[in-house]
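The structure under discussion appears below in the form of structure tokens.
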Amino acid sequence: MFRRVRFSAVIDSQLELFQREHRDVIEDVGEHLHAYNEASRDEAEELYGDYVDVVDAAIDILADLRDHFARTLDEPERYVDEFNRAVARRLPEFARVSHA
């Protein structure tokens, strides 16, 4: 029933590093979301596009981090799956990383 999470320590370290090293990107996401939520109907579409661009930039960083480590493994599929689930739990705004 409960699968042992084989890569939890390394994934936790990677996500902590992401949060520390890319705090500015994470803050930009929050600021762009707030701007979109506060926007008038006329501004909303453009501001949503800006928000999605910043989220995509963060997802790209996470995917690069994930994929770089995965290339060092003989069978990377389990790590990639665990990484994607950890992102969905810990950083849900970037959960689309699994599609990167």
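For the structure I just gave you, tell me whether V29 is among the aliphatic types (A, V, I, L, M), surrounded by 14 or more Cβ atoms within 10 Å (Cβ to Cβ), assigned to a helix (DSSP H, G or I) and in contact (Cβ under 8 Å) with a residue 40 or more places away in the chain.
yes
Is it the case that some residue within the stretch 28-50 is of a type outside the set (D, E, K, R), closer than 20 Å to A95 by Cβ and in contact with a His (Cβ under 6 Å, 6 or more places away or on another chain)?
no
Write out, first by first residue and then by second, each pair whose Cβ atoms fall under 8 Å of each other, whose residues are 6+ apart or on separate chains, and whose first residue, in the stretch 10-21, is closer than 21 Å to R78 by Cβ and of a type in the set (A, V, I, L, M) while the second is at pLDDT 95 or above and not in a helix (DSSP H, G or I).
Hits for this filter: L15/L91.
Here are some residues: R20, R96, R89. Which one is assigned to a helix (DSSP H, G or I), at pLDDT below 95 and out of contact with any strand residue (DSSP E or B) (no Cβ under 6 Å at 6 or more places or on another chain)? Even if it seems obvious, please write down each step before you answer.
Details: R20 fails: at pLDDT below 95; R89 fails: at pLDDT below 95.
Every option except R96 fails the conditions.
Those residues that are surrounded by fewer than 16 Cβ atoms within 10 Å (Cβ to Cβ) and not acidic (D, E), I need them from the stretch 3-25; list them, please.
Answer for the stretch 3-25, where residues must be surrounded by fewer than 16 Cβ atoms within 10 Å (Cβ to Cβ) and not acidic (D, E): R3, R4, V5, R6, S8, A9, V10, S13, L17, Q19, R20, R23.
Which residue pairs have Cβ atoms under 9 Å apart, sit 6 or more places apart or on different chains, and have a first residue in the stretch 58-72 that is surrounded by 11 or more Cβ atoms within 10 Å (Cβ to Cβ) and a second that is of a type in the set (K, R) and in a helix (DSSP H, G or I)?
Within 9 Å, the pairs are I59/R96.
Among the residues of the stretch 18-61, which ones are in contact with a Phe, Trp or Tyr (Cβ under 8 Å, 6 or more places away or on another chain) and among the acidic types (D, E)?
Matches in the stretch 18-61: D50 only.
When the residues of the stretch 77-92 are narrowed to those that are under 10 Å from the mean Cα position of the chain (by Cα) and free of Cβ contacts under 8 Å to residues at least 24 places away in the same chain, which ends up surrounded by the most Cβ atoms within 10 Å (Cβ to Cβ)?
The qualifying residue surrounded by the most Cβ atoms within 10 Å (Cβ to Cβ) is N84.
Surrounded by fewer than 17 Cβ atoms within 10 Å (Cβ to Cβ), touching a Leu at 6+ places or on another chain (Cβ under 9 Å), assigned to a helix (DSSP H, G or I) and at pLDDT 95 or above: does that describe A35?
yes
The values are calculated or read from the model by the stated rules, or taken from the named source; none is laboratory data. Remember, it's a predicted structure, so these values are computed and weren't measured experimentally. Neighbour counts run over all protein chains shown; Cβ positions are idealised from the backbone, glycine included.
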